[in-house]
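Reviewing the structure listed below.
The values are calculated or read from the model by the stated rules, or taken from the named source; none is laboratory data. This structure is a prediction, so every number in the text was calculated from the model and none was measured. Reconstructed Cβ throughout: ideal geometry from the backbone, glycine too, with neighbour counts over all protein chains shown.
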Amino acid sequence: MKTNITAKGMVITPGITKRIEKKTATMSRYLRADTEVFIKLRKERDERICEITVPMGGNVTLRSESASKDNLFMSIDSALAKLEKQILRHRTKLDKRLREDVDLSETEYIEDPAVYGEGEKEVVRHKTYPVRPMSMEDAALQMELLGHAFFVFVNQDTDRVNVLYARKDGNLGVLEPEA
């Protein structure tokens, strides 16, 4: 596994690097050897936040995030534990995808730090990511793996952009634009 560690507002010490490499080494039993793990560490006020993203290729991306008051190591351990639970919970669904040949050289998203908009509310984060055709079931799995309340995808049956979202009643809804 390849581990990429970046930090914002803090310095990555050899101790932090060693701890992350030791903890991510246990994930190798679930992930292929050429899998990349992106770990972003940041400091916001009195919190230390660890965000882990694992692009599996195709339509699957695993993501976990954890925050802790003044303790980075707890954040790292908690985020890795959440990621491992995700993998175990979805292991049977992911087994098919893990064995497929996938190009992992693509970046899943690119962050643009520029701020857009004016007025009371403003856009403070902008993401772009490649949109691939997928089934409704794959989109639901991806949304759940990312832990988001919605997911934008191209429906492989209609070749149109759809938005899958979690409803308050626990079910899923789909927004399908008409031309």
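Within 30 Å of R132 (Cβ to Cβ) and surrounded by 14 or more Cβ atoms within 10 Å (Cβ to Cβ) - does that describe any residue in segment 6-18? Give the steps one after another, and end with the answer.
Residues of segment 6-18 within 30 Å of R132 (Cβ to Cβ): 6, 8.
With the extra rule that they be surrounded by 14 or more Cβ atoms within 10 Å (Cβ to Cβ), the set shrinks to none.
No; the residues of segment 6-18 include none that is within 30 Å of R132 (Cβ to Cβ) and surrounded by 14 or more Cβ atoms within 10 Å (Cβ to Cβ).
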Conditions (1) touching a Gly at 6+ places or on another chain (Cβ under 8 Å); (2) surrounded by fewer than 19 Cβ atoms within 10 Å (Cβ to Cβ): number failed by D46: (1)
Scan segment 67-82 and tell me whether some residue there is of a type in the set (A, V, I, L, M), outside the structural domain of G147 (by TED's automatic domain parsing), loosely packed, with under 14 Cβ neighbours inside 10 Å and closer than 20 Å to G147 by Cα. yes
Looking across segment 106-160 at residues that are modelled with pLDDT of 85 or more and over 30 Å from L88 (Cα atoms), the single one that is surrounded by the fewest Cβ atoms within 10 Å (Cβ to Cβ) is D159
Using the structure shown, decide if T24 is within 19 Å of Q86 (Cα to Cα), in contact with an Asp or Glu (Cβ under 7 Å, 6 or more places away or on another chain) and not small (G, A, S). no
Tell me, which strands (runs of 3 or more DSSP E) lie completely within segment 1-101 with 2 or more residues that are at pLDDT 80 or above and closer than 28 Å to A140 by Cβ? 36-44, 47-57, 60-69
